[in-house]
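Data first, discussion second: the structure below is written as structure tokens.
Taken together, the values in this text are just the output of simple stated rules run on the coordinates, not laboratory data. Keep in mind it's a predicted model, so treat the numbers as computed, not measured. When we count neighbours, we look across all protein chains shown, and the Cβ atoms used for this are built from the backbone with ideal geometry, even at glycine.
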Amino acid sequence: MTRRYSERISVRCPVVFSMGSMVGDGEVQDLSNPGCQIQSIACVLKGECLQLKMCLPGVKSSLAVAMGVVRWTNGSRFGVEFIKMHADDRALLTRFISERTETCGSANSDGRKAGERCASWHSPMIGRQG
């Protein structure tokens, strides 16, 4: 078995994604730097490009991905590679993963309190451009 090139953490957080005029939502199941696994009822195809906005547990601002590519699909799950991100979002992702692996290893890191949400979650596709 080939070793992963980056740490992957288990996380459960809401995500909104768009492909052209189509908008979908789902839940991030796990996260790494450079990608994530999403569970959603939306139909996506391998190779499609999309934009994502996710609300990470314990983080006040949302994480935006200006361009991601669907690398695999399996029923209601699919994997996205993050291709283009604003430098601030890339730093946030790196810090989030680093903090979770230092304190939790690769264990579940959904430490969000009931009712906690990102400040910018209500406008998922509005924000920084990569």
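Note on LYS46: aspartates and glutamates with a C-alpha under 16 Å away, same-chain residues under 8 apart excluded, are GLU81.
Taking the Kirkwood radius as the inverse of the mean 1/r across Cα pairs, report the Rg/Rh of region 8-104.
Details: Rg = 12.4 Å, Rh = 13.2 Å.
A ratio of 0.94.
With a Förster radius of 30 Å, plug the Cβ-Cβ distance of GLU102 and LEU45 into 1/(1 + (r/R0)^6) and report the FRET value to the nearest 0.05. Numbers along the way, then the final one.
Numbers: r = 37 Å, r/R0 = 1.22.
So the FRET efficiency works out to roughly 0.25.
Shown here are the Rg and Dmax of the Cα trace of region 30-70, at 11.0, 31 Å.
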